[in-house]
1. Using a 1.4 angstrom probe with every protein chain in place, what is the largest-first accessible-area order of His132, His116?
2. Determine one quarter of the surface area of the Cα convex hull of the chain, which equals its mean projected area, and express it in nm² to one decimal.
3. Given axes a ≥ b ≥ c from the Cα gyration tensor, I'd like to know whether region 151-232 is rounded (a/c under 1.5), prolate (a/b larger than b/c) or oblate.
4. In the chain, carbon and sulfur make up what percent of the accessible area (probe 1.4 Å)?
5. For Arg127, what residues show an amide H to amide H distance below 5 Å, using hydrogens built from the backbone and excluding near sequence neighbours?
6. Whole Å is fine, so just give me how far the alpha carbon centre of region 95-126 lies from that of region 141-171.
7. Need one value: the accessible area of Met262 in square angstrom, 1.4 angstrom probe, rounded to the nearest 10.
8. Can you tell me the dipole magnitude for region 148-223 around its Cα centre, using point charges on the Cβ only (Lys, Arg +1; Asp, Glu -1), in Debye to the nearest 20?
Amino acid sequence: MASSKLVLVMCFMISAFGIAIGAKFDQEFDITWGDGRAKILNNGDLLTLSLDKISGSGFQSKNEYLFGKIDMQLKLVPGNSAGTVTAYYLSSQGATHDEIDFEFLGNLSGDPYTLHTNVFSQGKGNREQQFHLWFDPTADFHTYSITWNPQRIIFYVDGTPIREYKNSESMGVSYPKNQAMRIYSSLWNADDWATRGGLVKTDWSQAPFSASYRNFNANACIPNSSSSCNSNTTTSTNNSWLNEELDNTSQERLKWVQKNYMVYNYCTDSKRFPQGFPADCLQNS
């Protein structure tokens, strides 16, 4: 609770709570690369990224965020998507950057996507958990969410928690809490590693590959905002993410996902960590 009060004070001092519900992509994001392969359509309600043999494409948020709840609906590359990666993540900049990752690793037609998650703090990652999904992520839009507060980071798919990463500073493990992060997304070729460790290459006869985005929502603290927070805003239910934790029902749903759909967990990889698992695994296994 004390850490939640701390972030409230921080937000009062340096920022405002920004709320972008069903926000327009042209108002909230900049297309950063791709030479026309990224497009904002439908009066700003839809964004598409494409990849061909020459280039992929990407975009980033205009705002930086320091804690918040971020939602985005994605429809992934259909068909034979092997070798492609659709990345959607929060990140700061520099060698000691913080980062919170969703990465969708493509596969051959009929084989499942792998949803790769990771958390970086002070430039250190290696906290991977990977999942298959319980639906076809290419058939329709699905909501992928990140809740980031001083106590924990929770990854959600369609409102179902798939991963919780708890603050382990008491164990000497750094936690993302001091660096504001932008939202980034890109569609790119990674056939040297993305599908079966690089054994399956991108089939360029299927290009261009395309992923779509809609319904971006952000309820977050925006550093250096010109407006100021007020007590009515900070105590509203809209900012329940500041103290969000998983209740018993959500814990059961998390266990269901991890039992049935988790395909990799760094905290159980004894070959990778023969000298013992990282300290944060004590409460994040």
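The values are calculated or read from the model by the stated rules, or taken from the named source; none is laboratory data. Worth saying up front: this structure is predicted, and the values here are computed from it rather than measured. FYI the Cβ positions are ideal-geometry reconstructions off the backbone, even for glycines, and counts take in every protein chain you see. Surface accessibility is based on the protein's heavy atoms, side chains included, excluding ligands, DNA and RNA. Shrake-Rupley method; radii C 1.70, N 1.55, O 1.52, S 1.80 Å.
1. His132, His116
2. The Cα convex hull of the chain, projected and averaged over all directions, gives 15.6 nm².
3. Prolate shape, in that a/c is at least 1.5 and a/b is the bigger ratio.
4. 48 percent
5. Val119
6. When both Cα centres are located, 14 Å separates them.
7. Using a 1.4 Å probe on the heavy atoms, I get roughly 40 Å².
8. Its charge dipole is roughly 200 debye.
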